[in-house]
Amino acid sequence: MFSMSIPLILAALGGVYSVRSGIMALGLESMILTGAFTAAVGSFYSGSAWIGLLCGILGGMIFGLCHGLLCIRYKVNQVISGIGLNLLATAASTLLMQIIWGNKGNSEAVASVNTKLTFLKDVPVLGDIFSRQSVLLIFTILVCIASWFILFKTPFGLRLRMVGENPKAASSMGIPVRRMKYIGVLVCGALAGLAGAYLSIDSLNMFVRDMSASRGYIAIAIAILSRYNPLNVLLCGSLFALCDAVQIYVQGYGIPSQLVQMIPYIVTLLVLAFGVKNIQPPAGVGKYEDE
Amino acid sequence: MNSVEMIDIVKQYPLVRAVDHVSFSLGQGEIHSLLGENGAGKSTLMKILYGMTLPDEGEIRVNGEPVKIKSPKDAIRLGIGMVHQHFMLSPVMSVTENIIVNHEPRKGWLIDEKKAEQEIQALIDRFHFNINAKAKVQELSVGEQQRVEILKAIYRGANILILDEPTAVLTPQEVEELFVIMRNLKKDNKSIIIITHKLKETLAIADRISVLRDGKMVESGLPLDNVTTSDLAKMMVGRDVELNVRRENTNMGEEFFRIQDLKLSERGVQVLKGISLSIRKGEILGVAGIEGNGQTELIEVLTGLRKADSGTMTMGTEAIHGDAHAFLKHKIGHIPEDRLSRGLVAEMSIEDNLILGYHDEPQFLKQGLLQKKNIQSYAEEAVGEYMIKTPNAREFVSSLSGGNQQKVVIARVFKQNPDVLIVAQPTRGVDVGAMEYIHHQLLRLRDEGKAILLISADLDEVRSLSDRIAVIYDGRIVSVQQAEDTDELSLGLLMTGGKEEHHEQAV
Amino acid sequence: GNGGKQGGTDNNGGAANTGDKQLKVAIVLSTGGLGDKNFNDMSYDGLTQAKADFGIDFQYVEPESASDFEAGYRQFADAGVYDLIIGLATDQNDALTAVQADYPDQKFSIIDSSLELPNVSAVSTKWQEQTFLCGVYAGLGTLSEMPKANADNVVGVILGMDNPNLRSGVVGFEAGVKYVNPECEVLTATVGSFNDSDKGKNIAMSMYNKGADFIQHIAGASGLGVFNAAKEADRYAFGVGGNQNAIEPDYIPATSIRNVNEMVYNEVKALVEGTWTEGVKISGLKEEAVGYSNEFSNVEVPEDIAAVIADIKAKIQSGELVICETEDELDSWVSSNQYTK
Amino acid sequence: MSKLSNRLMKTSPIVISLVSFVLAILVSCVIMLLCGYDPIFAYSVIIEGSLGSVRSLTNTLIQATPLIFTGLAFMVGKKATLINLGVEGQMYTGAMVAALVGMTPLPLPGILHLLLALVCGVIGGGLAGALIGFLKVRFGSNEVITTTMTNFIIINFCDYLVNYPLKAEGAVAQTNKIVDGALLGKMIPGYQLTWAIVIAVLAALIVKFVLEKTRFGYEVRAVGLNMKAAETAGIKVGGVMMKAMLFSGALAGLCGAVHVTSVGKRFISGFSPGYGFSGISVAALASDSPLGIILAGIIFGALKTGAMYLNMMSQIPTEFVSVIQALVVIFVSAPLLIRALIGADRKPKKGGRSHAE
Ligand SMILES: Nc1ncnc2c1ncn2[C@@H]1O[C@H](COP(=O)(O)OP(=O)(O)OP(=O)(O)O)[C@@H](O)[C@H]1O
Ligand SMILES: Nc1ncnc2c1ncn2[C@@H]1O[C@H](COP(=O)(O)OP(=O)(O)OP(=O)(O)O)[C@@H](O)[C@H]1O
Ligand SMILES: [Mg+2]
Ligand SMILES: [Mg+2]
C-alpha cells in the first residue's frame, strides 16, 4: 500500500507546484512516463541505478520544460499542451524503445535502485512493515513536509503562490512571473519524473510501454482533492492507495474484478461530492502577466 | 532636476495608437495630475513608466539618467511605485501577504510573519486605514482594497509614486486622508503622479497638470494658478462641459418601488439589518455610504442576485421575487458597481455585450434563435447614441478604455427603458465628458418617470443628482433627507456613523 | 525470445523479388501490437521462421483496437496479392466473418479461434490445457521441500484483464492445482491493465504475503512486475505464452507455453506444401501446441513432481483426462477428478 | 509594419493551422531521418494509404467519424469552461445503451429500431455528461476529477457487463450482435463505410448552428467567458453548465451509439483506442470551430489509416504517426511558436490582443 502511493504522491506534489504557479498539470502523465523511460535508459547505459534516477528526474524536467515553454512563452492552452505532450510521450518512448532495445513492449533489464528501508528492521511493529518499503518512501514523506514549508512559509512560496493567484499583480510587484512559472513546471517535472523513475527502476528493473498507466490523471485528481496543499497530498495519496489496496484485497471473493476495481474511483467521487466541496484552483491559472 | 522624464513615447496597440509621441516630465517633490478623457492613454503612459507595458519608441530618464524599464522589477529598483486603476491583489491571500510579497522580512529561510504583520499594522495605523492586516483581501470592501494598493507602494518605499485613479472608490473623508498622506510624502521630497477624473481633487492636490487627449499631450506641466474646474474640463474634452447637471424635478409621481425591512445574513453576520426604502416614479433616491456597509449586498438583493432572509419588495402593487432573470423581466435595470467583473463579458464583442441579459427579448430572439441583423443594427445605434469610442461594434469590449466600457453597460440598460433602475457607481472611473453624458441620461430617465436608486461613493454625484439622499451605515439606513437639506459635512459624518440616528425616518 | 525483427519484412528489397512465384502472407495482429513478448511477437517469429525456411514474403498490421480489425483485413484482402491472410484470436471473428463474405476466394487462417467459415482455417487452442500443468506443479510444489516454497498451502493467479479467455486460463491452473492438491487455496486477482507492472508487482507481493509461493501470471507486461515480486519475496512465479523462464531463471520454474509461432508456422507450411485446408483444427497439449516448459529455468524440478507432471501430461494426451473449461464446472470437476498414480 | 502585423494577427488561425501542420510533418521527417528511415517514402505511403484509393478514402472517413464526434463533444464543454475529460466514458455509456437497445429484438421496422438505439445512446451519454454537470453545479466538484473518475467507473462497469450479465456466447467479452435491421447502412457496397460519417457531419453543422445562432449558444459563451457577468445578466449559470455538459455528453453518446451500430456491430470490450481523448486534439487542431473539427477529424483519420498502411508496407514503426499527431496538436495550439519559427514575430507580442477565438 505504501509503495503504491509513492508515485502518486510524488506526481501529485509535482502537480501542486505547477498549479500553484498557475500552470495546469494535465501533462503529468507525460512527465511520469518520460521519467520512467529516461531512468531506464540512464540506468541501462551507465549501469548505475542512481544515475538512472537522475536521468529520470531530468527526463521529467525536460517534459516539464516543454510544457512550460508552450504554456508560458507560447501561451498555448494548458489543457491542449498537456494532452499533446501525453500523446508525444507515449509515442516517443515506444519509438525510442524500439530503436534502443529493438522491442516495443519493454526494455531490457537494467540496474535497479531497489534499496529498502532495511535499517528499520529492528524497530518493533512498524519495522516489519516499513523495512520492506523503498527508501523513496521516506523521501516522499519528507518532500511533502518540506514542500508545505516552502509553499506557505518561505518568500519563494509566497511569490510562487502570488504568481499563480494573480500573475499581473505578481508582475507589478516586480516578481519575475515567467521565471517563477518555469520553476513551478520544472519542479513538477522533476517530481513526476522521479515518480516515473520509481516505477521503472525502483519498483521494477525495466521500462514497460505505457507503464504510467493513467497515474498522471489520478495524480491530478489527488492534487485537486488536496486543495493543492502538500500535506493533504500525502493524506489523499495514501487514501487513494489504501482504497486500491482494499480493492486488491477484496478481489477473489467472488465479486467480478471490474466491480471491485471501481472502489477507489467511487470513493474519490464520494469524497469530492460530500467531503471537500467547491475546490477552487488558484485564480490565475491559465492567465498571463501581460494581458 | 526632474525626477522623471518621458521623451517622445509611442505605444501602438493593434487597433489604436494609445500613446502618440508623448513627452512628460515630473518634477522633484511635486504632485502632478495627469488628466484626460477615458481612453486618452493615461494608464498606458503610466504602465510604460512602471515597466508593465513596453513602449514602441521613446526614452525614459529617471533623475536625469536614461534608463530602460523592461519590467516592474526595474521600476521598483528605480524607486517607482504604482497604484493601479484595476486592483492587483490576490483575494484569497491576506492583506499582509499581498503587501509584503517580493519584499518579505525574513528569518533565516522563512518569512518572519510576526514582523511582517507588525510592520503592516503599524503602517495601517499610521495612515488611519483601519483594516486588519490578517484579513483576507476578499473580505475587504473595494475601498479597503484600494487602501491595500496604496500600502503596497508605500511599503516599498517608492520615491516616485503613480496613483491611477486612487480616489474613485473613496469617501470624501478618505480622500482628504489620502491627500494628507500625499502631502506628507511630498514633504519627504517624493514625487507623485495622480490620475483622477475628479477635477475638484486635482485642484486641491496637484501642483501642475498635464492633459492627454487621444494619445497626444495637449497640455504639458501647466502650473495650477487661476485654473478652474471648467477650464480643466475644457482642456480635456476640447469643449465646454456642464459640470453641475442638477436640474429641478418637476415630474415626481406616486410611490412606485418599495422595499420593506430587508434582512440578510452572511456567514452568521447580519449585513442588512432591516432596510426599508421607497422611491417614487420620476425620483432619484441616492444612497450614500462608505463601501462595506451593506451596499453591495443591498444591490444584490434588489437585483435578484441574492435572496434576502426576510423582507419584501414591491413595484406598484406587485410583489417581486425570483432570480436575476425575473427582476430583469420586471423591468428593473441594473448597472453593476464593478463593470469588469459583473457588468461585461470582456472577451465578447460590444454587440454581444449590448444585449447581455436582454438577449431573450423578442427583438433579439425568435424561437430560440438570435436575430443577428437586429442585434447588429441595434448595436450600431447604441454605439453612436452613447458615443462609445470604438472602430466598430464587433470589437471585444476588452479593447475599450474603462470609461467606454462603462458606456457599454449604461447603453445596454438605458436603451431597454427600465421602470426601476438600480444604479451603482455609474461614473466610477469615467471622464468628465462621459460623466456629464451619463448624468444627463439619468436625469432624462428620471424625467420620463422612472424610479431610480443611485448608490454611489461619490458624494458630489449623489448630491447633484438625487432628489432625496439616504445614508447607509452598518447595514442600516441611518438617515433619509431631501437633497437640498443636506450638506457634505453632515453626510460625511453620517456615513462614518458619527452622528446619533436622530434623522432616521422610515419612509 | 525475439528482438531479431529487423530481418523481417524487407519492404524495398521485397518489391524487387516478386518476379518469381514467391508466396505472400499477411497477418492482422492482435491489439497490443508487437513487443508484447507473447501472442503478437510469437506470431511474428513464426512468420520470420517461415520466411527463412520457405522464402515467403509477409506483411503485418497492428490494429489499435478491436474497431480496426476489419479495416486491417480489408486492406489486405483488397490488395488481392496475398495467398493467405492470418488473423489472431477469437475477437477477430466478427471482422473476419464480415470480410470473408466479400472475398470468398481469399484464404484466411485464424489462430486461437474455432470459427467455421468457407476458405477459413481455424486453429483452436485450449487455454485450460496451457496452464493446467503449471497448476499441477504449483499444487505439488507449495507443500514440497523446494527452497522457495513455504508451509502454507496457498498459490495464486494474476490476470491482466478479466476476460473470458484469460479466465479459462485461470480455470486450467486452478484445476491443475486442485487435481493434485484439493485443499490448496488458489488466490486470484486482476490488475486491470496489461501495462501496469507496478500494480502487478504490488498484487503479487500481497499474494506472497498471504502465503502464496507460486503465482501464475496471465497479465502481459504487468506480469513483469510479478516476476520482480517473486525475486523480491524470494518465491516462484510462472511465465505464460512464449517461454519466459530466462527472464528470472532462478524464480521462474516454468512457463505455461503456447506455441503460437508454431501454429502460425504450420499454417504457412501447409500453404507452401499445398496441404492447407479450411475447417477447425484443434491444437492442444496433445499436439504439443500448448503446455508446460521448464527449459532455460535454473529451478530444479523435484524428481517426484517431474514424474507426476509427465504422468498427467500423458493422461491428457491420451484423452484419459479432459480438463474442464469454465468456473461453473470447476468444483464438480475437481470432486470427480483426483490424481492417483 | 503595424498594418502588416495586424493582418498577420487577423488572418492567422487558418494559416497558422496549415503552417503548423506542415511544420509538424517537417519535424517528424527530421526525426525519421535521424532514426534511419526514409521520410519521403513514408509520407508517400501514408498519403497513398489514406487517400490513394476508394478503399483508403473510405477507411479514412471511418476513422474520422468518431474523432469528429468526440472533438465536438470536448469543444462544447470547453465553451462553457468545462474541461470534459469524460468524453470517453460518456461515449462508452452511449455505446452500451445503444448496443443494448439494438440487440434486443423489437417489433419495430429496422430504421425505427436504429433510430431508437441512437436516441437511447444519445440520452445515455447525455445523462452521463449531465451527472458531471450536476456534481459541478451542486457540489462544486472539479470536473477534471469527476470525469477522470467516472471514466474509470463507467469503463469498468461496461467491462463488467460484457464479461458477465451481457456476455455473448463464446470466448470474447462482448454483447450479442445488434439485429441486422438496426445497423447503419453501408454507403458503398463492399466497403465498410456507413452513413455514420454523414451523421457526424450533420452533428457538426448542428453544433455550429446551436453555438452561433441560438440563445443557448449565446449563454454558453457568456458563461464561458465571464460567469459573474452572465449571472448578473440573469443567465442561470448552473443550468447553462448542466445543459452544456448534457449536450457534450450527448454528442459523446452519439459517437458510441453510431460506432456500435456501424463499425462495431455490437459492444466489444475495449472497442475504443481512446477516441474520447483524441477528441481533445481534434478540437485543438480545429481551434474549436465546428466545421474545422470535420476537417481535423478527417486529417487525423487519414493519419491513422495511413499509419496502418505504413505498417503494412514498411518497417517504419507506426508510432511515428503518433509522433506526428502529437506534434500537430502542439504546433497548432502554439500560434506564437509558429510565428516565432517562421519569423513573423518581429514586433508585436507584448500586450497585443491574443488572436480571436
Ligand atoms: N491591452 C490593450 N490592447 C489593445 N488596446 C488597448 C489595450 N490597453 C489599452 N488599449 C487602448 O489604448 C487606449 C488608451 O487606454 P488607457 O487605458 O491608457 O486609457 P486611460 O486614459 O487610462 O482611460 P481611462 O480613464 O478610461 O482609464 C484606449 O483606446 C484603449 O482601448
Ligand atoms: N490486449 C492485450 N495486450 C497485452 N497483453 C495481452 C493482451 N491480451 C492478452 N494479453 C496477454 O497475452 C498473454 C498470452 O495470452 P494470449 O495472447 O494467448 O491471450 P489472448 O490475447 O487473450 O488470446 P486469446 O484471446 O485468443 O486467448 C497473456 O499474458 C495475456 O495477459
Ligand atoms: Mg486608465
Ligand atoms: Mg506453500
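The values are calculated or read from the model by the stated rules, or taken from the named source; none is laboratory data. Since we're looking at a predicted model, the values are computed, not measured. Here Cβ is always computed from backbone atoms with ideal geometry, including for glycine, and neighbour counts include all displayed protein chains. For accessibility, only protein heavy atoms count, side chains too; no ligands or nucleic acids. Shrake-Rupley method; radii C 1.70, N 1.55, O 1.52, S 1.80 Å.
Table for the structure above
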read-out: Efficiency of FRET from Cβ geometry, C:V322 and D:N176, R₀ 35 Å, rounded to 0.05; value: 0.75
read-out: Anchor A:K104: aspartates and glutamates whose Cα lies under 16 Å away (excluding residues fewer than 8 positions away in-chain); value: A:D210, C:D36, C:D41, C:D45, C:E62, C:E64, C:D196, D:E319
read-out: 14 Å Cα-Cα reach of B:K68 towards aspartates and glutamates, excluding residues that sit fewer than 8 places from it in its own chain; value: B:E5, B:D56, B:E57, B:E59
read-out: Relative contact order %, segment B:2-237, counting alpha carbon pairs below 8 Å whose residues are six or more apart; value: 29 percent
read-out: Two-site label geometry, B:S341 and D:C35: point separation in nm, points 7 Å out along Cα→Cβ; value: 5.1 nm
read-out: Segment D:136-158 and segment C:62-85: distance between their alpha carbon centers, rounded to Å; value: 37 Å
read-out: Listed residues B:A382, B:V423, B:G41: farthest to the positive end of the dipole of chain B (Cβ charges); value: B:G41
read-out: Taking segment A:152-267 and dividing mean pair separation by its residue count, relative contact order in percent (alpha carbons under 8 Å, at least six apart); value: 11 percent
read-out: Shielding of B:337-350 by partner chains, average beta-carbon count, 10 Å; value: 4
read-out: For C:V123, residues with placed amide H under 5 Å, excluding near neighbours; value: C:I110, C:I111, C:D112, C:S113, C:K281
read-out: MRE, 222 nm, helices only [DSSP H, n ≥ 4, -39500 (n - 2.57), over chain B, to nearest 500]; value: -9000 deg cm²/dmol
read-out: Simple Cβ-charge dipole of the protein assembly as shown, Lys/Arg +1 and Asp/Glu -1, about Cα centre, in debye nearest 20; value: 3160 debye
read-out: Computed [θ] at 222 nm, deg cm²/dmol, chain A (DSSP H ≥ 4; -39,500 (n - 2.57); rounded to nearest 500); value: -21000 deg cm²/dmol
read-out: 3J(HN,Hα) from dihedral phi, segment B:460-472, Karplus parametrisation 6.51/-1.76/1.60, rounded to Hz, x for glycine, proline; value: 4, 5, 4, 6, 6, 9, 7, 8, 10, 10, 9, 10, 9
read-out: CD proxy at 222 nm, helix term only [per DSSP H run n ≥ 4: -39500 (n - 2.57); per residue of chain C; nearest 500]; value: -13000 deg cm²/dmol
read-out: Sequence ranges B:455-467, D:178-190, ranked by mean other-Cβ count within 10 angstrom, highest first; value: B:455-467, D:178-190
read-out: Using a Förster distance of 25 Å, the FRET efficiency for B:E448-B:E484 (Cβ separation, nearest 0.05); value: 0.65
read-out: Sequence-distant residues sharing a close amide H with B:L163 (under 5 Å, placed H); value: B:V83, B:I193, B:I194, B:I195
read-out: Relative contact order computed over chain D (Cα-Cα under 8 Å; 6+ residues apart), in percent; value: 34 percent
read-out: Cα gyration tensor shape for chain D, rounded if a/c is under 1.5, else prolate or oblate; value: oblate
read-out: Cα gyration tensor shape of segment D:100-213, rounded if a/c is under 1.5, else prolate or oblate by comparing a/b with b/c; value: oblate
read-out: Residue-by-residue Karplus 3J(HN,Hα) for segment D:145-153, coefficients 6.51, -1.76, 1.60, Hz, glycine and proline x; value: 6, 4, 5, 4, 5, 5, 3, 4, 5
read-out: Separation in nanometres of the label points that stand 7 Å from Cα toward Cβ, at A:I266 and C:E300; value: 5.1 nm
read-out: Number of Lys pairs (Cα under 24 Å; 8 or more positions apart or on different chains) in segment B:129-228; value: 14
read-out: Computed FRET value (nearest 0.05) for A:F149 with B:A122, which takes r as the C-beta separation and R₀ as 30 Å; value: 0.65
read-out: Long-range amide H partners of B:Y473 with built H, under 5 Å; value: B:V478
read-out: J(HN,Hα) series, segment A:43-48, from Karplus relation 6.51 cos²θ - 1.76 cosθ + 1.60, nearest Hz, glycine and proline x; value: 5, 5, 7, 8, x, 10
read-out: Inter-centroid distance (Cα atoms) of segment C:144-187 relative to segment C:203-276, Å; value: 14 Å
read-out: Rough spin-label spacing in nm, given labels placed 7 Å along Cα→Cβ, for B:L493 and C:D105; value: 11.1 nm
read-out: Lys/Arg +1, Asp/Glu -1 at C-beta; the protein assembly as shown dipole; positive extreme among D:I47, C:T90, B:I279; value: B:I279
read-out: Segment A:54-207 - charge dipole about Cα centre, Lys and Arg +1 at Cβ, Asp and Glu -1, debye rounded to 20; value: 700 debye
read-out: Potential extension, D:Y164-D:L106 segment - 0.36 nm per residue separation minus Cα distance; value: 18.6 nm
read-out: Neighbourhood charge, 15 Å Cβ-Cβ cut-off, centred on B:A308 and excluding it, Lys, Arg +1 and Asp, Glu -1; value: 0
read-out: Solvent-accessible area of B:I111 with every protein chain in place, 1.4 Å probe, in Å² to the nearest 10; value: 20 Å²
read-out: Greater than 22 Å apart at Cα, pairs in C:K24/D:K177; B:K373/D:K243; D:K136/D:K228; C:K178/D:K167; B:K372/B:K450; value: C:K24/D:K177; B:K373/D:K243; C:K178/D:K167; B:K372/B:K450
read-out: Peptide A:262-272 - average C-beta neighbours from other chains (10 Å radius); value: 5
read-out: Partner chain coverage, peptide A:144-155 - average Cβ within 10 angstrom; value: 2
